[in-house]
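Structure first, commentary second.
The values are calculated or read from the model by the stated rules, or taken from the named source; none is laboratory data. Everything numeric in this text was worked out from a predicted model, so none of it was measured. Cβ coordinates were reconstructed from backbone atoms using ideal geometry, including for glycine residues, and neighbour counts include every protein chain displayed. Accessible surface is based on the protein model in full, side chains and every heavy atom, while ligands, DNA and RNA are left aside. Shrake-Rupley method; radii C 1.70, N 1.55, O 1.52, S 1.80 Å.
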Amino acid sequence: MADDLFSRRTLSGLELAGADIGKLAAGSSPVHLIDCVLDEAELGKLDFTGWVFERCSLRRADLAAAILEGTRWQSCRGAFATFAGADLTEAAFASCDFNNAVFRRSNLTSASFRGCKLTGDDLSDIRGVDASFEETLLIGAKLAGHSFRGQVLRKLDLAQADLRNCDFRDALFEDCSLREANMAGSRFAGADLRAADISGLRLGDAALFRGATISRDQAGQLLGELGLDVR
């Protein structure tokens, strides 16, 4: 990479190694990367505050403990990338595919995910409040202990996800799926689940919905899971 490129704050169509990104991160202002390849790059602990990543590839990139506050991610791909322990405060992800990525112990205060694919992601022990997910695939994701309390959940696919001990109190589900999710210990009091797919419930799950609003069809489904013939 030519030295004069390190002074530019918008870069397009480049394949960048960790050393290249480190030099860019040492600059005084955020960088806008467009159509760049950062696959398997070692980017841990670097400061990316305010950076914009647009249509970039970060497959298996290591961003553990990186500072990613206020970053913007548009149409990026990063299967198996790791953001473990990273600061993603007020980061915004739109139309990204980060399947099987690791966000464990990251700070997601006021971070947002819109139209993303987070299938199989590890979001356990995330810190911060007001993280939001909308129109996002979270199939098989690990979200144990996360609070969705009072949120409007739109088009979230949480099928087969680990939702143990999550707080869904007073949440409104709109076109969501909880099919075959592990919800042991979760709380749903005050939640409106009428627009959620709750098929595949285990027998012990019915008690979790005490205090929640469900439809007649869902009530029949729950009774069916208990072995009762609903007519």
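Going through the stretch 177-195 one residue at a time, which ones are hydrophobic (A, V, I, L, M, F, W, C) and closer than 19 Å to residue 145 by Cβ? Steps first, answer last, please.
Of the residues in the stretch 177-195, the ones hydrophobic (A, V, I, L, M, F, W, C) are 178, 181, 183-184, 188-189, 191, 193, 195.
If the condition is that a residue be hydrophobic (A, V, I, L, M, F, W, C) and closer than 19 Å to residue 145 by Cβ, then 178, 181, 183, 184, 188, 189, 191 are the ones that fit.
Keeping to the stretch 45-60, report how many residues are out of contact with any helix residue (DSSP H, G or I) (no Cβ under 9 Å at 6 or more places or on another chain), in a loop (DSSP other than H, G, I, E, B) and open to solvent by 10 Å² or more (accessible area, probe 1.4 Å).
Here is the first cut: in the stretch 45-60, the residues out of contact with any helix residue (DSSP H, G or I) (no Cβ under 9 Å at 6 or more places or on another chain) are 45, 49-50, 52-60.
In the following step, the residues that additionally are in a loop (DSSP other than H, G, I, E, B) were identified as 45, 49-50, 55-56, 58-60.
If we keep only those that are open to solvent by 10 Å² or more (accessible area, probe 1.4 Å) as well, we get 45, 49-50, 55, 59-60.
Total satisfying the criteria: 6.
Can you say whether residue 154 is open to solvent by 40 Å² or more (accessible area, probe 1.4 Å) and within 14 Å of the chain's Cα centre (by Cα), as far as the supplied structure shows? Quick ask: steps written out before the conclusion?
Working: open to solvent by 40 Å² or more (accessible area, probe 1.4 Å): yes; within 14 Å of the chain's Cα centre (by Cα): yes.
Taking the combined requirement at face value, the residue satisfies it.
Out of the residues in the stretch 131-151 that are farther than 17 Å from residue 100 by Cα and polar (S, T, N, Q), state the one that is farthest from the chain's Cα centre (by Cα). Can you show your working first?
Step one: of the stretch 131-151, the residues farther than 17 Å from residue 100 by Cα are 131-132, 134-135, 145-151.
With polar (S, T, N, Q) added as a condition, the list becomes 132, 147, 151.
Working: 132: 8, 147: 13, 151: 15 Å.
Filtering the stretch 131-151 for residues that are farther than 17 Å from residue 100 by Cα and polar (S, T, N, Q), the one farthest from the chain's Cα centre (by Cα) comes out as 151.
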### Query
How do the pairs read when you match residues in the stretch 156-174 that are closer than 17 Å to residue 119 by Cα with residues anywhere that are open to solvent by 60 Å² or more (accessible area, probe 1.4 Å), using Cβ under 7 Å and keeping only pairs 6 or more apart or on different chains?
157/137; 159/179; 159/180; 160/180; 162/142
### Task
Filter the stretch 118-151 for residues that are hydrophobic (A, V, I, L, M, F, W, C) and not in a loop (DSSP other than H, G, I, E, B) and give the result.
133, 137
### Query
Residues 197, 192, 217: which one is open to solvent by 40 Å² or more (accessible area, probe 1.4 Å), farther than 26 Å from residue 87 by Cβ and touching a strand residue (DSSP E or B) at 6+ places or on another chain (Cβ under 8 Å)?
197
### Query
Somewhere in the stretch 16-31, is a residue modelled with pLDDT of 95 or more and either charged (D, E, K, R) or under 17 Å from residue 97 (Cβ atoms) (or both)?
no
### Task
For the stretch 169-187, state whether one or more residues are touching a Ser or Thr at 6+ places or on another chain (Cβ under 7 Å), part of a strand (DSSP E or B) and either open to solvent by 60 Å² or more (accessible area, probe 1.4 Å) or under 24 Å from residue 220 (Cβ atoms) (or both).
no
### Tally, over the stretch 61-114, of residues that are among the charged types (D, E, K, R) and either surrounded by 24 or more Cβ atoms within 10 Å (Cβ to Cβ) or not in a loop (DSSP other than H, G, I, E, B) (or both)
6
### Summary
Selection over the stretch 4-44 where residues are touching a Cys at 6+ places or on another chain (Cβ under 9 Å), open to solvent by 20 Å² or more (accessible area, probe 1.4 Å) and either aromatic (Phe, Trp, Tyr) or part of a loop (DSSP other than H, G, I, E, B) (or both) yields a count of 3
